[in-house]
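*Asks:* Input: one structure, supplied below.
Since every read-out is calculated from the coordinates, none of them should be taken as a lab result. Predicted, not measured: the structure shown is a model, and the values here were computed from it. Positions of Cβ are backbone-derived with ideal geometry, glycine not excepted, and every protein chain shown enters the neighbour counts.
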Amino acid sequence: MKKYALVTGGSRGLGRAICQMFAQRNIPVLINYQTNQQAAEEVRDSIIACGGEADLLQFNVGNEEEVSRALDAWEQAHPDDYIAYLVNNAGIRRDNVLFMMPEQDWHDVINTSLNGFYYVTRKLLPKMMMRKHGGRIVNMASLSGIKGMPGQTNYSAAKAALIGATKALAQEVASRNVTVNAVAPGFIETDMTKDLPQEQLKDLVPMKRFGKPAEVAALVGFICSEEASYITGEVISINGGLYT
Ligand code: NAP
């Protein structure tokens with residue numbers, strides 16, 4: 001029996017660093033992505049080159065049919081294994097002030113972060129709860145979901161909802177040895193933040209810099225470790241001191 005990690009949005013940014021972190025801990029990784037196959041292949045190849053185990057699992061987290069099809073096929077091909085570590089990391093930004101926000105941008109952001117969490121987690125939970133080793137679920141929230149950010153009502157709403165879901169689910173599954181926590185990064189250097197005025201924004205951060213994906217991955221690694229087995233229902237900020 002092998003315990004796998006599934007990282008949604010594992011092809012780039014935080015997800016890529018999280019995939020590499022699992023591989024360094026000798027945990028086989030499933031790299032989910034939506035469209036950027038080349039980036040996902042690069043992550044897989046970098047892991048294999050270092051002696052790790054990784055496979056690609058393409059699906060749109062916000063499409064229930066795609067999620068079910070991909071995960072059913074994986075489970076059929078791996079009857080003795082299970083996904084013990086789930087990182088719901090896939091997310092998008094579509095920033096705008098609310099009065100000008102197109103309906104599609106509202107729905108797309110919520111669909112990816114919140115419905116994506118629901119579709120993937122609901123599918124994997126039964127196996128996690130049945131196994132005596134249990135599991136770890138980490139939801140990628142954001143400072144925006146704690147504080148609320150102007151120009152991001154869709155994103156703040158999605159991430160705040162994800163935090164609520166984290167706290168509720170943690171209580172549902174705690175007795176089955178499954179922990180559920182959220183990570184709330186501030187500004188981290190990835191494709192998602194590359195269009196932001198970094199010079200201006202880093203002045204707001206007490207540490208005077210953006211965070212690195214590897215720093216977030218290290219936190220996720222700790223939450224997924226044996227040592228963190230009594231931590232559940234928490235939202236852990238990682239933001240260089242940029243509190244609300
Ligand atoms: P990123 O660099 O833009 O990467 C996004 C990843 O999500 C890509 O792998 C992308 O896949 C995948 N993805 C997007 N929509 C998807 C969908 N519908 N189905 C499956 N995969 C999908 O973003 P990031 O900065 O690493 O952010 C990762 C997570 O951290 C997000 O949830 C984000 O909200 C959160 N976060 C980021 C920051 C930050 O400062 N960067 C701060 C707070 C929270 P493709 O490669 O196929 O497009």
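*Asks:* In straight Cα distance, which aspartates and glutamates are under 14 Å from residue 127, not counting same-chain residues fewer than 8 positions off?
*Replies:* Cα-Cα hits under 14 Å: 72, 75, 80, 81.
*Asks:* Shifting gears a bit: Measuring from centroid to centroid over Cα atoms, what is the spacing of region 40-61 and region 78-118 in Å?
*Replies:* Between the Cα centre of region 40-61 and that of region 78-118, the gap is 21 Å.
*Asks:* Tell me the relative contact order for the chain as a rounded percent, counting alpha carbon contacts under 8 Å between residues six or more apart. Don't skip to the end; give the middle numbers.
*Replies:* Working: 491 pairs, mean separation 47.9, N = 244.
Taking the mean separation of contacting Cα pairs over the length of the chain, I get 20 percent.
*Asks:* Taking other Cβ within 10 Å of each residue's Cβ, how do 19, 50, 224 sort, fewest first?
*Replies:* On the way: 19 31, 50 11, 224 25.
Starting with the residue having the fewest Cβ neighbours, the order is 50, 224, 19.
*Asks:* Past the 21 Å Cα-Cα mark, which pairs from 167/208; 147/202; 2/132? Please report the intermediate quantities before stating the final value.
*Replies:* Working: 167/208 31 Å; 147/202 17 Å; 2/132 13 Å.
Table pairs above 21 Å Cα-Cα are 167/208.
*Asks:* Roughly how tilted is helix 213-223, in degrees to the nearest 10 and between 0 and 90, from the longest Cα axis of the chain?
*Replies:* The two axes meet at around 50 degrees.
*Asks:* Under 19 Å from a label point 7 Å along Cα→Cβ of residue 222: give me every residue in region 142-182 with its amide N that close.
*Replies:* 142-143, 179-182
*Asks:* Now for a different question. Trypsin sites (Lys or Arg not before Pro), restricted to region 1-70: which are DSSP loop and have at most 14 other Cβ atoms within 10 Å? Before the final figure, lay out each step's value.
*Replies:* Values: sites: 2, 3, 12, 16, 25, 44, 69; in loops: 2, 12, 25.
The qualifying sites are 2, 25.
*Asks:* Ok, one more. Please find, in a Gaussian network model of the chain (springs between Cα atoms separated by less than 10 Å), the residue of 109, 205, 97 whose mean-square fluctuation is greatest.
*Replies:* Most flexible of the set in this elastic network: 97.
*Asks:* So, one more: When the convex hull of the Cα atoms of the chain is projected onto a plane and the area is averaged over all directions, what value comes out in nm²? Working shown, then result.
*Replies:* Values: hull surface 51.5 nm².
Averaging across all directions leaves 12.9 nm² for the Cα convex hull.
*Asks:* Please report how far the C-alpha centroid of region 124-152 lies from that of region 184-244, rounded to the nearest whole angstrom.
*Replies:* 15
*Asks:* What is the gain in length, in nm to one decimal, between residue 96 and residue 133 on full extension, counting 0.36 nm per residue of separation less the C-alpha to C-alpha distance? Let's see the in-between values first.
*Replies:* On the way: separation 37, 0.36 × 37 = 13.32 nm, distance 4.35 nm.
Here the segment from residue 96 to residue 133 would lengthen by 9.0 nm.
*Asks:* What ranking do 99, 117 get, fewest neighbouring Cβ atoms within 10 angstrom at the top? Mind showing how you got there, number by number?
*Replies:* On the way: 99 6, 117 29.
Lowest count first: 99, 117.
*Asks:* Jot down the radius of gyration and Dmax of region 58-161, Cα atoms only, both in angstrom.
*Replies:* Considering region 58-161 through its Cα atoms, Rg and Dmax are 15.7, 51 Å.
*Asks:* Exactly which GluC sites (Glu not before Pro) in region 1-74 are in a DSSP loop and have at most 16 other Cβ atoms within 10 Å?
*Replies:* Details: sites: 41, 42, 53, 64, 65, 66; in loops: 53.
Passing both the DSSP loop test and the Cβ count: 53.
*Asks:* Do the sum for the chain: with -39,500 (n - 2.57) for every DSSP H run of n ≥ 4, divided by all residues, what is the mean residue ellipticity at 222 nm, to the nearest 500 deg cm²/dmol?
*Replies:* About -13000 deg cm²/dmol.
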